[in-house]
1. Which of the numbered conditions does residue 2 fail, given that it passes all the others? Conditions: (1) at pLDDT below 85; (2) assigned by TED's automatic domain parsing to the domain that holds residue 154.
2. Filter region 191-216 down to the residues that are surrounded by fewer than 12 Cβ atoms within 10 Å (Cβ to Cβ) and assigned to a helix (DSSP H, G or I) and list them by number.
3. Of the conditions (1) modelled with pLDDT of 95 or more; (2) within 21 Å of residue 123 (Cβ to Cβ); (3) under 18 Å from the mean Cα position of the chain (by Cα), residue 154 clears all except one; give me its number.
4. Please work out which one of (1) more than 25 Å from residue 49 (Cβ to Cβ); (2) at pLDDT 95 or above; (3) surrounded by fewer than 20 Cβ atoms within 10 Å (Cβ to Cβ) is the condition residue 173 fails and give its number.
């Protein structure tokens with residue numbers, strides 16, 4: 001009788017000790033070790049790859065952000081600010097609607113199939129908007145030259161980069177709105193175009209936030 005009572009108690013005590021040890025190792029010591037190593041070896045990345053401008057943090061190199069005009073009073077979605085380079089369409093750059101107490105970002109893709117009528121209509125509308133917004137007198141945008149990333153969102157919905165082709169497509173509109181020569185803005189895009197990782201991984205890309213910071217400085221001069 002005593003043995004049968006002690007056995008479950010011993011098992012419970014062993015399980016509790018295992019829980020406490022694993023919690024200490026996996027929940028305290030390991031995170032502290034990883035955090036300490038990250039802050040020592042790569043402090044910038046460990047802090048969220050923050051980008052500063054004028055002494056203040058303006059965003060992260062890993063998370064996209066929009067550049068919109070102030071919202072109108074009638075509740076319509078704010079229009080893109082034509083003075084700035086715009087990111088790719090990203091559903092993740094919207095705000096959450098369930099918990100309005102916090103200004104959280106919603107990350108994720110639309111998960112629509114390639115032959116989805118909704119996706120087809122969305123892409124067609126996005127292409128028409130890109131052509132309309134980026135055409136300037138004497139230089140209309142050819143719809144056939146609109147790159148895919150200008151009309152589709154990324155898998156995460158938070159992509160901070162655009163293709164060099166999409167950045168160059170916006171050059172004349174940005175230059176006109178900021179009273180700059182188009183060749184100077186095009187050169188700015190060239191300087192901020194990142195190549196493939198190790199020369200063969202990924203695609204050339206442009207970080208929109210870094211590009212717009214450089215644009216602001218160029219326009220100020």
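The values are calculated or read from the model by the stated rules, or taken from the named source; none is laboratory data. All values reported here derive from a predicted model rather than from experimental measurement. As a convention, Cβ positions derive from the backbone with ideal geometry for all residues, glycine included, and neighbour counts pool all protein chains shown.
1. (2)
2. Once the filter is applied, which keeps residues that are surrounded by fewer than 12 Cβ atoms within 10 Å (Cβ to Cβ) and assigned to a helix (DSSP H, G or I), region 191-216 yields only 191.
3. Exception for residue 154: condition (1).
4. If we test residue 173 against (1) more than 25 Å from residue 49 (Cβ to Cβ); (2) at pLDDT 95 or above; (3) surrounded by fewer than 20 Cβ atoms within 10 Å (Cβ to Cβ), just (3) comes out false.
So that you can scan it fast, the table gives a plain yes or no per residue for (1) outside the structural domain of residue 80 (by TED's automatic domain parsing); (2) assigned to a helix (DSSP H, G or I); (3) surrounded by 11 or more Cβ atoms within 10 Å (Cβ to Cβ):
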| site | (1), (2), (3) |
| --- | --- |
| 18 | yes, yes, no |
| 27 | yes, yes, no |
| 38 | yes, yes, yes |
| 57 | no, no, yes |
| 62 | no, no, yes |
| 66 | no, no, yes |
